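Please read the structure below before turning to the comments.
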Amino acid sequence: MRVLVTGGAGYIGSHTVLQLLVANHSVLIADDFSNAKPSAVTRLEELAGQSIPVCRVDLTDEAATLALFDDAIAGGQPIEAVIHFAGFKAVGESVAKPLAYYRNNLDTTFSVLRAMDVHGVRQFVFSSSATVYGENPVRERTEDMPTYATSPYGWTKVMVEQVLRDLAVADDSWRIALLRYFNPVGAHASGRIGEDPSGLPNNLMPFVAQVAVGRREKLAVFGDDYDTVDGTGVRDYIHVEDLAAGHVAALERIGLRDDALSVWNLGSGHPESVLEVVAAFARASGREIPYEVVPRRPGDVDAYWANPSKANRELGWSATRTIDEMCADTWRWQSQNPNGYPD
Ligand code: UDP
């Protein structure tokens, strides 16, 4: 298939692009490079051994998005499916800048869906998030649980999911996948592509990696008084390569299914605490990870993880990489690229 990958230069997008190419799909990346660097695409091209078409475009611009689809037809390679990664993703920032988050995450989706509608393209894979489960007392999340959000970022995911559900009801020729990611970490085994957060990392794994490499003095552990194995927050970490494989599996499966819309959790199903991640990273890197326990982060949920059995069963997919492999691959990327991608 010829797949438009929005946000394809970003962390999860880039790993997915590579796996799509390995699976013999052809790819067009659309990215505005607001949170990604062009050198990520150069690295991808080296790894793939082929050039990858990239369009620098602001997808909130509907005319520009339509032109992307028209140009692909004019070039003899019409777009047949879309994986929509593009979006703002920092929870804390979304609380400070709700308008920017709602505008960007909703408008990019509307532009892309409108362009697909106009061109009769019906296969759409959406980057959703386990954050849509909100604060359910049942820690093991299943796809049938109600959705709710605790931040503007989370609400954009809940809202886009609802738009897609309504679209699937209105026209059952759509084939839509809502992929609910748990906590993506790790990097490609080559160490050439990985996560490159700008500024202070918000997420645990890149922060730990920057402490290990000496860019930050110590980790702040947000609370050790939760009702969990050691009092620290518990999450389901999934290797980005497993996550990328989940996208390829979903893309290849939706066209064969009768359902206009399908929802899948992409997680490992294995809960890990903050201190368990710190210990695994210390083992993988051979470095000590200094940390200090500080008060809980506002809005944090104590513990949740995926029940991935629906994706296991329906996609024939499962996350196979362990937390030790996640840390080893993160460390390879971080130690080979202490300052992330070159400018
Ligand atoms: N966390 C932490 N220190 C950090 C970043 C995160 O202790 O600097 C904890 C956080 O409280 C949570 C877990 O690590 O329990 C995962 O947090 P992250 O921000 O990576 O993901 P999310 O909260 O979105 O699941």
Quiz item: What single numbered condition from (1) over 18 Å from the mean Cα position of the chain (by Cα); (2) in contact (Cβ under 8 Å) with a residue 40 or more places away in the chain fails to hold for PHE88?
Solution: (1)
Quiz item: Right, GLU272: within 11 Å of the ligand (Cβ to nearest atom) and acidic (Asp, Glu) or not?
Solution: yes
Quiz item: In the range 196-235, how many residues are closer than 16 Å to PHE281 by Cα, more than 8 Å from the ligand (Cβ to nearest atom) and in a loop (DSSP other than H, G, I, E, B)?
Solution: 6
Practice problem: Could you tell me which of the residues LEU59, LEU44, LEU99 is touching a Ser or Thr at 6+ places or on another chain (Cβ under 6 Å), over 17 Å from ARG2 (Cα atoms), in a helix (DSSP H, G or I) and aliphatic (A, V, I, L, M)? | Solution: LEU44
Practice problem: Could you please let me know if VAL248 is assigned to a helix (DSSP H, G or I), within 16 Å of the ligand (Cβ to nearest atom) and at pLDDT 95 or above? | Solution: no
Self-check item: Filter result for ASP230 (over 25 Å from ALA189 (Cβ atoms), touching a residue at least 12 places away in the same chain (Cβ under 8 Å) and of a type in the set (Asp, Glu))
Solution: yes
Practice problem: Kindly provide the set of residues from the range 170-229 that are among the polar types (S, T, N, Q) and either more than 13 Å from VAL277 (Cβ to Cβ) or at pLDDT below 95 (or both), ordered by number. | Solution: SER173, SER190, SER198, ASN202, GLN210
Self-check item: Failed criterion for ILE238 (all others in (1) near the ligand (Cβ under 10 Å from one of its atoms); (2) in contact with a helix residue (DSSP H, G or I) (Cβ under 9 Å, 6 or more places away or on another chain); (3) at pLDDT 95 or above; (4) among the hydrophobic types (A, V, I, L, M, F, W, C) hold)
Solution: (1)
Self-check item: Identity of the residue in the range 123-152, in a helix (DSSP H, G or I) and in contact with a Phe, Trp or Tyr (Cβ under 6 Å, 6 or more places away or on another chain), that ends up farthest from SER111 (Cα to Cα)
Solution: ALA130
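The values are calculated or read from the model by the stated rules, or taken from the named source; none is laboratory data. Bear in mind that the values here come from a model prediction, so they are computed numbers and not experimental data. Glycine also receives a Cβ, built like all others from the backbone with ideal geometry; neighbour counts cover every protein chain displayed.
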